[in-house]
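Notes to accompany the following structure.
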Amino acid sequence: MFNLGVQVINGQKTFIPLENNPEVHTHLCKNLGVSPSLTFHDILSTTPEMLSWIPRPVNALILLCDKPIYLAARSRVEHSIPEYLGSGADEPVLWMKQTIGHACGLMALLHVVTNLENGKYVLAGSELEKIVKRAVGLGPVERARLLYDSRFLEEAHMDAASEGSSIVPLPQEECGFHFIAFVKKDGKVWELNGGKQGGSLINNLLKKNASFKILAVTRDINSASAKKLAQKSSSITLIQGNLDDPAAIFKNAKRVWGVFSVQTTNPSNDDERRQGTALIDESIKQGVKHFVYSSVDRGGEKSDRNPTAIPHFIFKHEIEKHLIENAKGTDMQWTILRPAAFFENFTPDYFGKVFTTAWQMTLKGKPLQLIATSDIGFFAAAAFMNPEESKNHAFSLAGDELTFQQMSDIFKDLTGKDVPTTFRIPVWLMMAAVKDLGVMFKWFRDEGYGADIPALKELNPSLKTFGDWLKEDSQFETR
């Protein structure tokens, strides 16, 4: 039985949202078994005068942000971030995935108290200490299940949530804000939020027993996720570096035959274009023989001449042009992969609901092409293993093409539930506030992707449909 106020909504355990209030956080800490020496203070302004009133030292920040805008921004970068698989005492931080609705306040607090000074604020013998000790040895999925099933955490949260000064919302109400923890540890500031392609390429190369030595570039070769990746095969070598300094990457890697390039998308600045073009230039300088760039489809055969009006599509179009023009007259061949929308946009969380609602509102009855990131990895691996067949060619990629109703029918047939959506007004506001998102969905409606799916299935008979992906790779339970 759940506490009063806890509900199961669309198959997900959901709490009452936690109020952003130092007294509420202090009350929750007391319920959890956290030392009273850890205190919370409101930051009402970032001016030096106001910050001077905050007691020192400050070792963590719990940020309350606009949820729709944050999730929209997060969605543009997550496909380029490797899946976190860390566990054990050697993790640089203890990270916990949120699978409980409206529990971001609790998750932010847990990330703070369990990571500050190696958890010294967690009282010895407390129930929280027992949970933390169990969590350390578990992987992300098992760790999330431990928290999900904890009656202790449920009761601690619900009691604190009822202590706020504002009207207590119902669990089924949409929450427009999101808590994120920033924790100082080992001289670094870690963003811990409970709330992909490079990895899929590596997995496909390993499946094919390719005779490549795989160099995986990571900002921190000592991170738990990097070590987990290296353990997949003796063919994998970790290289420390980042795309802001491609020369250093090559210096650490020595001689490189091929490069797979995918950048974090950020339409608000020029980082993607700058990093993408710099990596191309350095690859040519270093004598790379084959360069595979993961871009985006912009209408099939029209992609070469159609940058669109979508900011991050424009960046990718310009990187493509830079690659094609600068590779001329060199020994470097290239392959451009242009995927459609990702199946991975379908998630049980709020962002997934925003994606489906925006699709339903904007496209009406027009179909949308989608692809699994694992299939992008298949074509990237094929480009490296058969370079002569793919050299100096661009490929638009999709695995399925569905109207919203067709997608909904498949979802219900396989899960027994309606596809998760949310209220339309917040989504309209988000699409107006986040230009990249609004313009993109209008482009889906007016133009759309143009991959030749039958031709792609001849190249990859195992190309995943939406139903395949839903059963094999999604976070949803199928029957």
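Since every read-out is calculated from the coordinates, none of them should be taken as a lab result. Model, not experiment: these values are computed from the prediction. Quick reminder, even Gly has a Cβ in these numbers, built from the backbone with ideal geometry, and neighbours come from all protein chains shown.
The table for this structure:
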| read-out | value |
| --- | --- |
| Förster-model FRET efficiency, 41 Å R0, Q475 and R255, C-beta, rounded to 0.05 | 0.55 |
| Proximal aspartates and glutamates to K185, defined as alpha-carbon separation beneath 20 angstrom and excluding residues fewer than eight positions away on the same chain | D90, E91, E117, E129, D220 |
| Greater than 26 Å apart at Cα, pairs in K188/K228; K133/K213; K232/K254; K228/K254; K366/K412 | K133/K213 |
| Inter-site label distance for N203 and R134 at 7 Å from Cα along Cβ, in nm | 2.9 nm |
| Candidate aspartates and glutamates for bridging to K457, where Cα separation is under 15 Å - those fewer than 8 sequence places away on the same chain excluded | D375, D400, E401, D468 |
| Pair N118, A248: separation of 7 Å Cα→Cβ label points (nm) | 2.9 nm |
| Packing-based order for 430-439, 397-406, 242-251, using average beta carbon neighbours within 10 Å, highest first | 397-406, 430-439, 242-251 |
| Segment 382-479, dipole about Cα centre (Lys/Arg Cβ +1, Asp/Glu Cβ -1), debye to the nearest 20 | 420 debye |
